[in-house]
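Throughout, read-outs are computed from the coordinates displayed, never taken from laboratory work. Note that the coordinates shown come from a computational prediction; the quantities given were computed from them, not determined experimentally. Because the Cβ atoms are built from the backbone with ideal geometry, glycine has one as well, and the counts that use them run over all protein chains shown.
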Amino acid sequence: MEKRELVIIGAGPAGLTAAIYGKRSGLDVLILENGITGGQINLTDEIENWTGVIHASGAELADSFRRHAEHFKPEFRDVEVKSIALRDGRKIIGTGSGDIEAEAIIVATGARFKKLGAPGEAEFTGRGVSYCAVCDGAFFEDQEVAVIGGGNTAVEEAVYVTQFASKVTIVHRRDSFRAERVAIERAMSNPKIEVVWNSVVEEIAGEEMVEKVVLKNVRTGDITDLPVSGVFVFAGMDPNASFLNGMVKSVGGGWIVTNERMETSVEGIFAAGDVRDKYLRQVITAAGDGATAAMAAAAYISEQLHIQSVLLEPEQVTAFIFSSIEEPQARLAAEIEKIPASGASKVISLDGYKNRRMVEKLGIGDLPALVEFKKGRISRSEVVSDLDSARKFLS
Ligand SMILES: Cc1cc2nc3c(=O)[nH]c(=O)nc-3n(C[C@H](O)[C@H](O)[C@H](O)COP(=O)(O)OP(=O)(O)OC[C@H]3O[C@@H](n4cnc5c(N)ncnc54)[C@H](O)[C@@H]3O)c2cc1C
């Protein structure tokens, strides 16, 4: 079976940034992508909130990300990931064209906006139809727009868009919002916001750009035209995470839960970008996640190799495992290193703070501890907090 160090699934801003950081950390990096390199931003005409670039089309930005990643020569492969499985502790990625074993995996598969499915919606996406107010709100300065939806996002984003638009009409299929009360009050007290209740979008129409939405009242069946230049659809988002089949912890329909190092609930599997459970889904946050995930993955891989070569392969070894953020422990580590080796046992110091997973994996509860390994197994361990008890353990 093919064996790789770091496999990144998804070549959007998160995956491409992870590839740059992964390659610069000296890793063998394989990126698996089944769509257009660059991800979702390929769908938008204008991006104005990527720091350092005042204005670019999504395709231009995606192209510059791809070229930047290519500069460091990761391997790109055009393939869809269908599954990830754990077999005897090994991480196996299932694709349409064979399995790949990875030391570490970064899931950067992004998310997709739920569509209304109305005629004209696909045709006018990027030409008046938007799924992101932060991204596109500013393009509708002094224009009238519609916001479709009735949840928190729709109601909050409608208020956000009033900074730019002259009028915002919220179209909701029910007769009350599902949003939080504070959000509803803020929207209803905004003079720029009107609401059309009990209505759904029948069509989005125009020539080059959106000119109107055709609405149908679900109670009366009446059809009306609402003239607008923009339509913001907030019918929700779905993460691209079904191939994980629930193997990592997720919330609310599959958003992957990570810690600040982008570690998922499964060791060696990281997640970055829109697929994560997070506050702001944007290019800049996806790129930041990708960088963090790659650095954490690099640390994880070197930790695995380190554990293997330093602790598990030697006939006998003793490790002083300490927390580097505790000053007395760090000082004790330096002193213990000076104790002359006795018998067959050699003492090495390991930072248990940086290698938290290793400490958990070895089942070591409290630090600092001296741990003796024989043929890869713990034969003795003891919490030691001073030089005398360390000497006693080592004698
Ligand atoms: C219309 C639109 C306009 C936007 N405008 C802006 C904006 O102005 N500013 C801004 O900051 N953000 C904007 N965004 C949001 C931004 O695009 C996302 O936040 C960002 O792309 C997330 O990056 P990502 O790498 O996490 O995921 P994505 O960009 O979604 O990339 C994920 C990649 O993974 C691939 N993939 C998914 N599943 C699989 C699989 N099973 N196997 C292999 N590959 C897979 C996908 O094909 C995709 O290329 C916009 C989004 C849209 C849709």
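A few points about this structure:
- Members of Lys249/Lys374; Lys354/Lys392; Lys338/Lys374 lying beyond 30 Å, as alpha-carbon distances in this model show: Lys249/Lys374
- Near-label residues of segment 6-49 by backbone N, under 15 Å of a point 7 Å along Cα→Cβ of Gln308: 6-7, 27-28
- Debye-sum result for segment 129-233 in log10 I(q)/I(0), which assumes one identical scatterer on each alpha carbon, at q = 0.19 Å⁻¹: -0.88
- Qualifying trypsin sites (Lys or Arg not before Pro) for segment 235-327 [loop in DSSP, other Cβ within 10 Å: at most 13]: Lys249
- Here's the list of aspartates and glutamates a cross-link from Lys115 could span, going by alpha-carbon distance under 14 Å and ignoring same-chain residues fewer than 8 apart: Glu123, Glu202, Glu203, Asp238.
- The charge dipole of segment 314-394, taken about its Cα centre with unit charges on the Cβ atoms of Lys, Arg (+1), Asp and Glu (-1) only, comes to about 400 debye.
- Label-point separation in nm, Leu387 to Arg178, each point 7 Å along Cα→Cβ: 6.6 nm
- For segment 44-188, the spread of Cα coordinates along the three principal axes comes to 56, 35, 31 Å, biggest extent given first.
- Distribution of pairwise C-alpha distances over segment 314-394, 5 Å bins, in %: 3, 17, 30, 27, 17, 5, 0
- Entry note, the chain: the mean residue ellipticity at 222 nm calculated from DSSP H runs of n ≥ 4, each adding -39500 (n - 2.57), is -7500 deg cm²/dmol after division by the residues and rounding to the nearest 500.
- DSSP-loop trypsin sites (Lys or Arg not before Pro) across segment 322-395, with at most 14 other Cβ within 10 angstrom: Lys346, Lys354, Lys375
- Unit charges at the beta carbon, dipole of segment 139-297: most positive-side option, Phe232, Val195, Val182: Val182
- Hydrodynamic radius of the chain per Kirkwood, over alpha carbon pairs, in Å: 24.1 Å
- Helix 152-161 vs. the chain, principal-axis angle (Cα, 0 to 90°, nearest 10): 70 degrees
- Reduced Cα scattering model of segment 3-85, Debye log10 I(q)/I(0), q = 0.11, 0.13, 0.19 Å⁻¹: -0.30, -0.41, -0.80
- Furthest towards positive pole of dipole, Leu362, Gln329, Leu350, structure part segment 314-394, Cβ charges: Leu362
- All-pairs alpha carbon distance profile, segment 240-388, 5 Å steps from 0, percent: 2, 9, 16, 17, 15, 12, 10, 8, 7, 3, 1, 0
- Each of Val248, Thr125, Gly151 was scored by the projection of its Cα onto the charge dipole of the chain, and the greatest displacement toward the positive side belongs to Val248; charges sit on the C-beta of Lys, Arg, Asp and Glu.
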